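S.K.: One structure, pasted below without further comment.
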Amino acid sequence: MSNGPAGHTARSTIRPNPETGGRAPMRTFLYTADGISIDSVYNPGAVVYDASAPPSRDLAFVVAHGFTGDVDRPHVRRVAALLARHGAVVTFSFRGHGSSGGRSTVGDREVLDLAAAVRWARELGHTRVVTVGFSMGGSVVLRHAALHRDVDAVVSVSAPARWYYRGTAPMRRLHWLVTRPVGRLVGRYGLRTRIHHRDWDPVPVSPVQAVPDIAPAPLLIVHGDRDGYFPLDHPRMLAAAAGEHGELWVEPGMGHAEHAAPDDLLTRIGEWAAARAG
């Protein structure tokens, strides 16, 4: 798709629900501040008002997937379905992933993709917006919250604390995929991920450097104790940088990112966000 005006949508499919007057699920392309088209899906959620629970119809989750994911991947749809029990959900494909335009910068310019999705949630009338990111997306939600300061809570799952980490075999393979021409071919044709060939210039602020600027928005850091990509010093560094405004959940037996996140964890994340956002 060709680039369009930043902040606008293309091919919108808004369908009001004739019975409730609310919105039905919709799919559209959003445009980022640098003109990249971002394939995005909105689910209005299945919230039923309960006098004993905090109201959640104003709440929207914006889900940032991990590297090589996209909006149509089953693990992303599972996350969206579980969070939709607590509020509306916006999912999208990062640049270079799925049907979105551009090429992946592996966490740098992706902040602009998330900003477009958060803006869309606000335009749809949601007064409380929570970003939930996994792995690469977990680093993006941290940096976005620090730079844009326009979300009500942040959840970062399986995120790195610092850049260029090669201490595990999966991360060494990922660096090969990103930095070598043959690796980028594997990414394009084997993983449906188009990776930019240029190095970062300048190198973006790292997640651990960004975390102190997220306050006063509540921050939840989630990490599995069997994560094969990033060991536990990563979430502990993030939690230490967050100080009093952050919480750390170390999940026993959990591996890495969306694939490893059990349903009960995603339910707890939804409950935490509904209680803490705003």
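The values are calculated or read from the model by the stated rules, or taken from the named source; none is laboratory data. All values reported here derive from a predicted model rather than from experimental measurement. Methodologically, a virtual Cβ is constructed for each residue, glycine included, from the backbone with ideal geometry; neighbour enumeration extends over all protein chains shown. Heavy atoms of the whole protein, side chains included, go into the accessibility calculation; ligands, DNA and RNA do not. Shrake-Rupley method; radii C 1.70, N 1.55, O 1.52, S 1.80 Å.
S.K.: About its Cα centre, what dipole magnitude does the chain give when the only charges are +1 on Lys and Arg Cβ and -1 on Asp and Glu Cβ, stated in debye to the nearest 20?
M.R.: Dipole of the chain, to the nearest 20 debye: 960 debye.
S.K.: Related question: Among Ala146, Leu220, Met171, which residue has its Cα positioned farthest towards the positive end of the charge dipole of region 131-278, with +1 placed on the Cβ of Lys and Arg, -1 on the Cβ of Asp and Glu, and the dipole taken about the Cα centre?
M.R.: The listed residue farthest towards the positive side: Met171.
S.K.: Report Rg/Rh for the chain, rounded to two decimals, where Rg is the Cα radius of gyration and Rh the Kirkwood radius.
M.R.: On the way: Rg = 17.7 Å, Rh = 18.6 Å.
Ratio value, two decimals: 0.95.
S.K.: Round to the nearest 0.05 the FRET efficiency obtained for Tyr189 and Glu247 when R0 = 41 Å and r is the Cβ-Cβ distance.
M.R.: So the FRET efficiency works out to roughly 0.50.
S.K.: On to the next question. Just how much of Trp163 is accessible, in Å², when a 1.4 Å probe is used and the result is rounded to the nearest 10?
M.R.: Using a 1.4 Å probe on the heavy atoms, I get roughly 40 Å².
S.K.: Given the C-alpha centroids of region 96-123 and region 213-278, what is the distance between them in whole angstrom?
M.R.: If you average the Cα positions of each part, the centres end up 22 Å apart.
S.K.: When a/c reaches 1.5 or more, the comparison of a/b and b/c decides; with that in mind, is region 208-278 rounded, prolate or oblate per its Cα gyration tensor?
M.R.: Oblate shape, in that a/c is at least 1.5 and b/c is the bigger or equal ratio.
S.K.: Shape verdict for region 77-159, please, from the Cα gyration tensor: rounded (a/c under 1.5), prolate (a/b greater than b/c) or oblate.
M.R.: rounded
S.K.: Can I ask one more? Normalised by the number of residues in region 130-278, what is the relative contact order in percent for Cα pairs under 8 Å and 6+ residues apart? If you can, show how the numbers build up before the last one.
M.R.: Numbers: 249 pairs, mean separation 40.9, N = 149.
Result for region 130-278 is 27 percent.
S.K.: In addition: Antiparallel versus total DSSP beta bridges in the chain: what percent is that, nearest 5?
M.R.: The answer is about 35 percent antiparallel.
S.K.: If you don't mind, another one. Just by accessible area at a 1.4 angstrom probe, what is the order of Met171, Met237 from largest to smallest?
M.R.: If we order Met171, Met237 from most to least accessible, we get Met237, Met171.
S.K.: Given the whole protein assembly as supplied and a 1.4 Å probe, what does the accessible area of Asp264 come to in Å², nearest 10?
M.R.: It works out to around 90 Å².
S.K.: At a probe radius of 1.4 Å, what is the per-residue accessible area of Tyr165, in Å² to the nearest 10?
M.R.: 40
S.K.: Ordering His86, His259 from largest to smallest accessible area (1.4 angstrom probe), what's the sequence?
M.R.: Accessible-area ranking of His86, His259, largest first: His259, His86.
S.K.: What shape does region 92-247 have by the C-alpha gyration tensor, where a ≥ b ≥ c are the square roots of the eigenvalues, rounded means a/c under 1.5, and otherwise prolate means a/b greater than b/c and oblate the rest?
M.R.: Note, shape of region 92-247 comes out oblate.
S.K.: Relative contact order for the chain: what percent, with Cα pairs under 8 Å and sequence separation of 6 or more?
M.R.: Relative contact order comes out at 17 percent.
S.K.: I'd like to compare 138-148, 193-203: which one has the highest average count of other Cβ atoms within 10 Å, and what's the full order after that? It would help to have the intermediate numbers written out before the result.
M.R.: On the way: 138-148: 26.0, 193-203: 12.9.
Highest mean packing first, the order is 138-148, 193-203.
S.K.: How high is the relative contact order of region 44-173, given as a whole-number percent (alpha carbon pairs under 8 Å, six or more residues apart)?
M.R.: 25 percent.
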